[in-house]
Amino acid sequence: MTTGLTLTEESPLGPDLALLFQRHTADMHAQTPPESIYMLGASDLAAPGVRFFVLRDGGRPVAMGALKKIGAGHAEIKSMHVLAEERGRGLSDRMVNHLIAAARADGFQRLSLETGHEEIFIPARRLYEKAGFERCGPIEGYPDDPNSYFMTRAL
């Protein structure tokens with residue numbers, strides 16, 4: 001039984017977030033060469049300049065996402081993940097819209113992201129396109145990697 005959905009800012013070091021990080025890591029390694037994986041671990045997401053959010057269903061963590069400041073007026077979406085068994089419920093839409101609103105509230109004028117170029121990432125790219133993101137060149141801190149797919153949008 002669920003008591004409802006909550007989406008709050010939390011520490012990425014929370015003890016009940018291990019499954020989210022394990023699944024996110026497994027998905028990233030499923031089809032992407034190791035040298036093209038740019039995900040951040042929990043300790044990296046606990047750094048200054050990063051805001052980390054958890055979507056819970058009845059207290060159980062089902063999705064995560066983060067915002068990382070990458071420049072003046074520019075933030076990046078990092079580590080967005082929804083558990084596979086929870087997909088199809090609109091949780092990804094809810095998380096990406098929350099991240100956009102949080103970036104806007106923090107005064108950022110641009111929000112960007114890096115995702116994979118492989119087939120497994122097509123649903124993610126469609127989600128971001130639906131949220132107003134467009135393909136762009138490499139964003140700050142990334143090489144021009146053929147396995148990366150960069151997207152950005154103005155806020």
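Considering the stretch 5-154 at the alpha-carbon level, its Rg and Dmax are found to be 14.2, 41 Å. For R104 and Q22 in one chain, what is 0.36 nm times their gap in residues minus the Cα-Cα distance, to one decimal in nm? The R104-Q22 span can extend by a further 26.6 nm.
Backbone phi angles across the stretch 57-71, fed through the Karplus curve with coefficients 6.51, -1.76 and 1.60 (θ = phi - 60°), yield HN-Hα couplings of 10, x, x, 8, x, 10, 7, 9, x, 9, 10, 10, 5, 10, x Hz in residue order; Gly and Pro are listed as x.
Label point 7 Å out from L5 along Cα-to-Cβ: which residues of the stretch 49-93 have amide N under 15 Å? Only 54-65, 81-93 fall inside the zone, counting backbone N under 15 Å.
Taking only alpha carbon atoms, the stretch 25-68 gives an Rg to Rh ratio of 1.04, where Rh is the Kirkwood radius. Here the label points at I122 and I37, each 7 Å from Cα along the C-beta direction, are separated by 2.3 nm in the simple model. Subtracting the Cα-Cα distance of R94 and R135 from 0.36 nm times their residue separation leaves 12.6 nm of extension gain.
Each value in this text was obtained by applying a stated rule to the coordinates, not by laboratory testing. What you see is a predicted model, and the numbers here were worked out from it, not measured in a lab. Because the Cβ atoms are built from the backbone with ideal geometry, glycine has one as well, and the counts that use them run over all protein chains shown.
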